[in-house]
1. So which residues in region 70-103 are surrounded by 16 or more Cβ atoms within 10 Å (Cβ to Cβ) and within 14 Å of VAL154 (Cβ to Cβ)?
2. Of all residues in region 139-176 being crowded, with 22+ Cβ neighbours inside 10 Å and among the hydrophobic types (A, V, I, L, M, F, W, C), which is nearest to THR104 (Cα to Cα)?
3. If you check ILE112 against the conditions, is it under 20 Å from GLU171 (Cα atoms), of a type in the set (Val, Ile, Thr), in the same structural domain as GLU79 (by TED's automatic domain parsing) and outside any helix (DSSP H, G or I)?
4. State which residue is nearest to ALA70 (Cα to Cα) when the search covers only region 129-150 and only residues that are polar (S, T, N, Q) and more than 19 Å from the chain's Cα centre (by Cα).
5. Take LEU15 and decide whether it is surrounded by 15 or more Cβ atoms within 10 Å (Cβ to Cβ), touching an Asp or Glu at 6+ places or on another chain (Cβ under 8 Å), farther than 17 Å from SER118 by Cβ and at pLDDT below 90.
6. Quick check on this structure: which one of ILE71, ILE50, ILE77, ILE124 is among the aliphatic types (A, V, I, L, M) and within 17 Å of VAL175 (Cβ to Cβ)?
7. Can we say LYS179 is surrounded by fewer than 18 Cβ atoms within 10 Å (Cβ to Cβ), over 30 Å from LEU25 (Cβ atoms), in contact (Cβ under 8 Å) with a residue 40 or more places away in the chain and touching a His at 6+ places or on another chain (Cβ under 9 Å)?
8. Does LEU148 meet the test of being touching a His at 6+ places or on another chain (Cβ under 9 Å), in a strand (DSSP E or B), in contact (Cβ under 8 Å) with a residue 24 or more places away in the chain and not assigned by TED's automatic domain parsing to the domain that holds PRO23?
Amino acid sequence: MGNKKISKKERQRKLTKRLTEDPFLTDEELMDIFGVSIQTIRLDRLELGIPELRERVKQVAELNYSKVRAIKGTEIIGELVDLNLGENGISILATNKDMAFKKTHIIRGHHIFAQAESLAMAVIDADVALTGVANIKYNNPVKAGQKLIAKAQVVRKRGNKYFVHVFIYVEQEQVFRGKFILVSIDE
């Protein structure tokens, strides 16, 4: 923003606009964007009635859980922040030390796989489905505390089979790739 100081009113207007465009900005990121202290950002949010990041993510996720058909929304690993049923979706998983190996602090693969598979299940437009095939690749290790952003895309549907690609990123770097074939089962 440079050294030009803007008024509190103008800063709060711009803060509201930025968080509308990207509700997942952290207070630390906002502090850097606006060149003010973390306390100033928190006070601005408080005055504007804008909840903290965790609460904003939860609010966005709750809107998407109701759209999911193949599994219960609560079975999704991570927060479902975007969902276009039958097309694509995004989930965010905040990792912690309980998910990691004690010695290396590297996240265990099954947590990453669970996020990918549950997002793949969430995006397909089916009542009941199972994973038929999973072709996965772990590109880079993930350290405890890093935030995983998973993006799923339904690339093809043939009969009762859905072909879904899931890519997981940490700060724009791809850490996982999964190609799933999910089979829809009529109850």
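1. ALA70, ASP82, LEU83, LEU85, ASN88, GLY89, ILE90
2. Just the residues of region 139-176 that are crowded, with 22+ Cβ neighbours inside 10 Å, to begin with: 142, 148, 150, 152, 162, 164, 166, 168, 176.
Still in the running and among the hydrophobic types (A, V, I, L, M, F, W, C): 142, 148, 150, 152, 164, 166, 168, 176.
Details: VAL142: 10, LEU148: 18, ALA150: 23, ALA152: 29, VAL164: 31, VAL166: 26, ILE168: 21, PHE176: 19 Å.
Among them, the one singled out is VAL142.
3. Here the answer is no, as ILE112 does not meet what is asked.
4. At the first step, the residues of region 129-150 found to be polar (S, T, N, Q) are 131, 135, 139-140, 146.
Then keep just the ones that are more than 19 Å from the chain's Cα centre (by Cα); that gives 131, 135.
Details: THR131: 11, ASN135: 20 Å.
Only one residue tops the list, namely THR131.
5. In short, no.
6. Values: ILE71 fails: within 17 Å of VAL175 (Cβ to Cβ); ILE50 fails: within 17 Å of VAL175 (Cβ to Cβ); ILE124 fails: within 17 Å of VAL175 (Cβ to Cβ).
ILE77 is the lone residue from the list that is among the aliphatic types (A, V, I, L, M) and within 17 Å of VAL175 (Cβ to Cβ).
7. Yes.
8. yes
The values are calculated or read from the model by the stated rules, or taken from the named source; none is laboratory data. Owing to the predicted nature of the structure, the values given are computational and were not obtained by experimental measurement. So basically every Cβ, Gly included, is an ideal-geometry build from the backbone, and we count neighbours across all protein chains shown.
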